[in-house]
Amino acid sequence: MIKKLPFSKEKILEITKKYRTPFLIYDEKGIRENARRLKKAFKDIEGFEEFFAVKACPNPYIMKILREEGFGMDCSSLPEILLAEKVGVSGEDIMFSSNNTPAEEYKKASESGAIINVDDISHINFLDDTIGIPDLICFRYNPGPARQGNVIIGDPKEAKYGLTKAQLIEGYRIMKEKGVKRFGLHTMIISNELNREYFIDTAIMLFDLVVEISKKLDIRFEFVNLGGGIGIPLRPDEKPVSFEFLADGIKKAYSEKISANGLGPLKIYMECGRVITGPFGYLVMSVRHMKHTYKDYVGTDSSMADFMRPAIYGAYHHLTVLGKENKACDHKYDVTGSLCENNDKFAIDRMLPEIEVGDILVLHDAGAHGKPMGFNYNGKLRCGELLLRENNEVIQIRRQETVEDYFATLDFKQLEKFKV
Ligand SMILES: *Cc1c(COP(=O)(O)O)cnc(C)c1O
């Protein structure tokens, strides 16, 4: 399969007259169509809600689009809750899934009326002491050795998240005793997974738990949250996970486990990030220098500060050399940034058409979990973000950083007076 772009080289050249490279550009049409595909696939599941994992793409313009498409927001910190509120999301359309949570974040989540997803049994007393026990409570389950994870999140029993099964049952029992009547159950054990069966297995696992715990404790669950983790095809030969397949599998398991035991209605929640925006963001960069030593290097005007995944996970992200799409990929390059770190590479030993200084490179699938991870290490100023609107207009949705931003936390006046 060819990895397509939602813009032409001409369009990018026009954009670079106003906004210099590097920049990350999002495709609004792609994001909206994808969101509608997801909603359509799950339309027969009553009360289905996708809570967008804000950490994947914490840009309020993108979040506002997703809000308009009917998504809630999955937040894990106070600033993420503030961002959700800025785009008009509040109350139980916010899922607060944190871990090792500070008191002020629970306070904020409680004020905003968010669904509080509790990551540890010790937090029951912590909640009691800080905000009191909420009337809707959700626990995050960690199946430990009962399930296998994947490379990014790791083995569930090695993962810091969630409660063991015994703790889970104890947690609901205590909450029931404290008078809680509304319950939810959550898990998140996988990341960037393309094996679609895995998500059905997760639904079955949670439905089985709902049956077991409902009977044991005589409580009623309002929802299960299947978490996120749906992967995206990064390599041209990979296939996306079919939303329809997931919805069908979940519906079948629901009728066999939940309906058959008279435990409906049980709402199904998801909190995907990557699959929602990942494929619809593109990092556009220019070639600044070509270097030929023991290897051939393409030096771009971007760096891992703008997109971290290839450097920190060794992740493959496809590269297109604009205007050279039909040329033979007969040159082997390392495509680098300018950071003084040898893992600052977007690609290693990548076969590409012959590249010259001034060429424009587009890194695909940069719309999630890459830009927001970026740091200022080595004094690197992070790139801005643009939005390609459905009418082909381009607007800036975050400007590039400046030296002033980098120095914003320093007081140079005090430094002048500082005697050494
Ligand atoms: C990161 C995260 C998500 C989103 O994961 P994706 O891989 O982007 O779908 C959802 N829920 C929790 C609790 C997370 O930490």
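The values are calculated or read from the model by the stated rules, or taken from the named source; none is laboratory data. Note that the structure is a prediction, hence the values are computed from the model and not measured. All Cβ positions, even for glycine, are placed from backbone atoms using ideal geometry, and neighbour counts span all protein chains on display.
Working carefully through the options Tyr172, Tyr269, find the one that is assigned to a helix (DSSP H, G or I) and not polar (S, T, N, Q). Let's see the steps before the verdict.
Details: Tyr269 fails: assigned to a helix (DSSP H, G or I).
Exactly one residue qualifies, and that residue is Tyr172.
If the requirement is being more than 30 Å from Val335 (Cβ to Cβ), of a type in the set (Asp, Glu) and within 19 Å of the chain's Cα centre (by Cα), which of these qualifies: Glu222, Glu271, Glu256? So that I can check it myself, show each step before the final result.
Details: Glu222 fails: within 19 Å of the chain's Cα centre (by Cα); Glu256 fails: within 19 Å of the chain's Cα centre (by Cα).
Matching residue, one of Glu222, Glu271, Glu256: Glu271.
Within the group Leu5, Leu24, which residue is in a loop (DSSP other than H, G, I, E, B) and either touching a helix residue (DSSP H, G or I) at 6+ places or on another chain (Cβ under 8 Å) or not assigned by TED's automatic domain parsing to the domain that holds Leu83 (or both)? Break it down into steps so the answer makes sense when it comes.
On the way: Leu24 fails: in a loop (DSSP other than H, G, I, E, B).
On inspection, the qualifying residue turns out to be Leu5.
Please find, among Ser90, Ser122, Ser110, Ser77, the residue that is within 14 Å of the ligand (Cβ to nearest atom) and at negative phi. Before the answer, list the steps.
On the way: Ser90 fails: within 14 Å of the ligand (Cβ to nearest atom); Ser122 fails: within 14 Å of the ligand (Cβ to nearest atom); Ser110 fails: within 14 Å of the ligand (Cβ to nearest atom).
Being within 14 Å of the ligand (Cβ to nearest atom) and at negative phi holds for just one of Ser90, Ser122, Ser110, Ser77, which is Ser77.
Hey, does the range 297-319 have a residue that's within 16 Å of the ligand (Cβ to nearest atom), hydroxyl-bearing (Ser, Thr, Tyr) and either in a loop (DSSP other than H, G, I, E, B) or out of contact with any Asp or Glu (no Cβ under 9 Å at 6 or more places or on another chain) (or both)?
First, pick out the residues of the range 297-319 that are within 16 Å of the ligand (Cβ to nearest atom): 307-309, 312-313, 315, 317.
Then keep just the ones that are hydroxyl-bearing (Ser, Thr, Tyr); that gives 313.
If we keep only those that are either in a loop (DSSP other than H, G, I, E, B) or out of contact with any Asp or Glu (no Cβ under 9 Å at 6 or more places or on another chain) (or both) too, we end up with 313.
Yes, the range 297-319 has at least one match.
Give just the number: which of (1) farther than 24 Å from Lys18 by Cα; (2) surrounded by 14 or more Cβ atoms within 10 Å (Cβ to Cβ); (3) out of contact with any Pro (no Cβ under 6 Å at 6 or more places or on another chain); (4) not β-branched (Val, Ile, Thr) does Phe346 not satisfy?
(3)
Taking the condition within 20 Å of the chain's Cα centre (by Cα) and either under 18 Å from Phe23 (Cβ atoms) or crowded, with 19+ Cβ neighbours inside 10 Å (or both), does Asp306 pass? Give the derivation first.
Working: within 20 Å of the chain's Cα centre (by Cα): yes; either under 18 Å from Phe23 (Cβ atoms) or crowded, with 19+ Cβ neighbours inside 10 Å (or both): yes.
Taking the combined requirement at face value, the residue satisfies it.
So, in the range 251-279, of the ones that are crowded, with 23+ Cβ neighbours inside 10 Å and of a type in the set (Gly, Ala, Ser), which residue ends up farthest from the ligand (Cβ to nearest atom)?
Gly278
Checking Phe245 against (1) without any contact (Cβ under 8 Å) to a residue 40 or more places away in the chain; (2) under 22 Å from the mean Cα position of the chain (by Cα), which test does it fail?
It fails just one condition, (1).
I need a count of the residues in the range 223-242 that are in contact (Cβ under 8 Å) with a residue 60 or more places away in the chain and among the β-branched types (Val, Ile, Thr).
Of the residues in that region, 1 qualify.
What number of residues within the range 377-420 are assigned to a loop (DSSP other than H, G, I, E, B), surrounded by 10 or more Cβ atoms within 10 Å (Cβ to Cβ), of a type in the set (D, E, K, R) and within 28 Å of the chain's Cα centre (by Cα)? If you could, list the steps in order and put the result at the bottom.
To start, the set of residues in the range 377-420 that are assigned to a loop (DSSP other than H, G, I, E, B) comprises 380-383, 389-393, 399-402, 408-411, 418-420.
Still in the running and surrounded by 10 or more Cβ atoms within 10 Å (Cβ to Cβ): 380-383, 389-390, 392, 399-402, 411.
Keeping just the survivors that are of a type in the set (D, E, K, R) gives 380, 382, 389-390, 399, 401, 411.
Restricting the remaining residues to those that are within 28 Å of the chain's Cα centre (by Cα) gives 380, 382, 389-390, 399, 401.
Residues flagged as assigned to a loop (DSSP other than H, G, I, E, B), surrounded by 10 or more Cβ atoms within 10 Å (Cβ to Cβ), of a type in the set (D, E, K, R) and within 28 Å of the chain's Cα centre (by Cα) within the range 377-420 amount to 6.
Are any residues in the range 191-241 among the acidic types (Asp, Glu) and either away from the ligand (no atom under 14 Å from the Cβ) or surrounded by fewer than 18 Cβ atoms within 10 Å (Cβ to Cβ) (or both), and if so, which ones?
Here is the first cut: in the range 191-241, the ones among the acidic types (Asp, Glu) are 193, 197, 201, 208, 212, 218, 222, 237-238.
Selection gives Glu197, Asp201, Asp208, Glu212, Asp218, Glu222, Asp237, Glu238.
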